[in-house]
Amino acid sequence: MDFKTTDFKMAEKPKKIGAKPSVAHLGREVAEKVNRFHKSFPMYEETPLRALNALSETLGVKKILVKDESFRFGLNAFKVLGGSFAIGSYIADRLETDIDALPYEKMTSEEIRQTLGPLTFISATDGNHGRGVAWTVRELKQSSVIYMPKGSAEERLENIRAEGAKADITELNYDDAVRLANRHAEENGWILVQDTSWKGYETIPTYIMQGYTTTALEALKQMAGEKPTHIFLQAGVGSFAAAVTGFFAAVYGEACPSITIVEPNEAACIYETMAADDGEIHAVTGDMRTIMAGLACGEPVTVGIDILRHYASHFISGPDYAAAQGMRVLGAPLKADPRIISGESGAAGVGMFYEIMTNPALSGWKERLKLDSDSVVLFFSTEGDTDRTNYRRIVWDGAFARP
């Protein structure tokens with residue numbers, strides 16, 4: 001089989017990284033506080049951490065662990081963790097109180113709604129983040145407006161509308177849809193809930209990153225003292241990747257696991273930023289055509305990029321067929337391994353790892369990443385089949401197969 005090495009690119013940790021940023025705001029104490037907030041939701045359940053022992057043996061590593069976020073709050077994706085905590089924190093700030101004093105029951109009460117008055121929250125999304133925002137806002141009995149980039153799946157649009165949001169697919173790419181949402185927020189006095197950040201808009205994106213630490217904290221506890229040697233994290237703007245990287249860097253300090261960030265070739269803004277190694281942020285423009293819709297973002301998050309510079313080890317850009325392969329590997333498990341239904345973005349990490357371990361053209365990458373029989377590798381499947389039509393096309397029909 002003919003594999004193309006040019007389909008995959010890797011950058012090492014850059015040298016021009018400046019002063020090391022603190023990760024205390026993503027550490028265990030903060031994560032425990034975030035988790036208390038999420039635990040107050042009546043629909044909260046810890047999502048499972050799956051051990052794929054047969055796959056580990058086949059690929060030659062000690063253990064493969066996958067955190068399955070398709071069970072999160074019945075929304076089939078992890079994104080609600082960030083949106084809900086950011087909205088809760090925004091309300092706590094408005095009320096001049098601590099988030100610990102604003103559990104779900106109180107936050108969604110008529111008393112709080114009357115105190116706040118009518119609010120409209122707005123966001124841009126490929127689907128999962130917007131659905132989480134719309135769901136949270138519906139629980140608050142407030143209003144939401146969601147913009148989606150061109151090419152977004154109709155199923156994801158309808159899922160957002162089902163949560164009560166006014167939602168539309170635009171003719172813009174993701175980053176321009178964010179700019180549209182920000183402009184309408186400023187013009188109408190609405191609250192922008194976005195994980196993309198820029199100068200002057202950093203508080204809510206930071207809250208969103210903190211919200212994501214719930215899944216990292218759960219995984220840490222579920223590992224029951226076993227430490228991963230490697231963590232693979234997929235990145236769009238990089239807020240999830242930076243949040244989880246910051247959490248494990250804070251927990252383990254100098255003994256932090258090797259963390260590899262993966263992106264689609266068409267939207268590899270983190271990879272391009274690290275490969276340039278000039279201390280600047282490098283955006284990707286254009287349509288960013290990739291099946292990994294949740295990762296089709298061209299501008300890195302400013303409040304997380306320095307965390308990735310300092311604490312992540314490697315940055316990989318890869319093709320769509322790697323993510324598709326990851327979906328099939330997880331969806332058709334070996335022997336007694338549990339089945340994991342993972343969407344295009346959710347399976348990106350597993351797919352890139354699978355290529356590294358099986359693609360002859362990438363044989364040298366195993367040594368570069370120090371992946372061997374002693375490796376304990378942790379992944380986060382951040383979404384399920386949020387676009388079921390495309391999921392079946394890839395997993396059942398073999399679309400986007402290896403060349």
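The values are calculated or read from the model by the stated rules, or taken from the named source; none is laboratory data. Please read all numbers here as calculations on a predicted model, not as lab measurements. When we count neighbours, we look across all protein chains shown, and the Cβ atoms used for this are built from the backbone with ideal geometry, even at glycine.
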Residue 182 is checked against (1) closer than 23 Å to residue 75 by Cβ; (2) not in a loop (DSSP other than H, G, I, E, B) and fails just one. What number does that condition carry?
(1)
In the stretch 335-347, anything crowded, with 24+ Cβ neighbours inside 10 Å and within 15 Å of residue 65 (Cα to Cα) is listed as 340, 342, 346, 347
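Just the residues that are of a type in the set (D, E, K, R), assigned to a helix (DSSP H, G or I) and closer than 13 Å to residue 386 by Cβ, please, taken from the stretch 52-81. Even if it seems obvious, please write down each step before you answer.
Of all residues in the stretch 52-81, those of a type in the set (D, E, K, R) come to 57, 62-63, 67-69, 72, 79.
Okay, now just the ones that are also assigned to a helix (DSSP H, G or I), so 57, 69, 72.
Hits for the stretch 52-81 are 69, 72.
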So for the stretch 327-342 (the condition being in contact with a Phe, Trp or Tyr (Cβ under 6 Å, 6 or more places away or on another chain) and assigned to a helix (DSSP H, G or I)), does at least one residue qualify?
yes
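For the stretch 283-324, name all the residues that are closer than 16 Å to residue 10 by Cβ and either in contact with a Lys or Arg (Cβ under 9 Å, 6 or more places away or on another chain) or surrounded by fewer than 20 Cβ atoms within 10 Å (Cβ to Cβ) (or both).
First, pick out the residues of the stretch 283-324 that are closer than 16 Å to residue 10 by Cβ: 308-309, 312-319, 322.
Answer for the stretch 283-324, where residues must be closer than 16 Å to residue 10 by Cβ and either in contact with a Lys or Arg (Cβ under 9 Å, 6 or more places away or on another chain) or surrounded by fewer than 20 Cβ atoms within 10 Å (Cβ to Cβ) (or both): 309, 312, 313, 314, 315, 316, 317, 318, 319, 322.
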For the stretch 348-397, how many residues are surrounded by 20 or more Cβ atoms within 10 Å (Cβ to Cβ), more than 25 Å from residue 78 (Cα to Cα) and small (Gly, Ala, Ser)?
1
Criterion: farther than 18 Å from residue 51 by Cα and hydroxyl-bearing (Ser, Thr, Tyr) - qualifying residue of 373, 345:
345
Meets criteria (outside any helix (DSSP H, G or I) and assigned by TED's automatic domain parsing to the domain that holds residue 195) for residue 96
yes
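Just checking, which of 31, 54 is aliphatic (A, V, I, L, M), touching a residue at least 40 places away in the same chain (Cβ under 8 Å) and more than 17 Å from residue 379 (Cα to Cα)?
Details: 54 fails: more than 17 Å from residue 379 (Cα to Cα).
After ruling out the rest, the residue left standing is 31.
Do the conditions hold for residue 76, that is, is it touching a residue at least 12 places away in the same chain (Cβ under 8 Å) and within 22 Å of residue 206 (Cα to Cα)?
Details: touching a residue at least 12 places away in the same chain (Cβ under 8 Å): yes; within 22 Å of residue 206 (Cα to Cα): no.
Here the answer is no, as residue 76 does not meet what is asked.
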Return the residues of the stretch 351-361 that are out of contact with any strand residue (DSSP E or B) (no Cβ under 9 Å at 6 or more places or on another chain) and within 23 Å of residue 333 (Cβ to Cβ); say none if nothing qualifies.
354, 357, 358, 359
Note: among 70, 89, just one is in the same structural domain as residue 386 (by TED's automatic domain parsing), surrounded by 20 or more Cβ atoms within 10 Å (Cβ to Cβ) and among the polar types (S, T, N, Q), namely 70
Which number in (1) crowded, with 16+ Cβ neighbours inside 10 Å; (2) assigned to a helix (DSSP H, G or I); (3) acidic (Asp, Glu) marks the one condition that residue 126 misses?
(2)
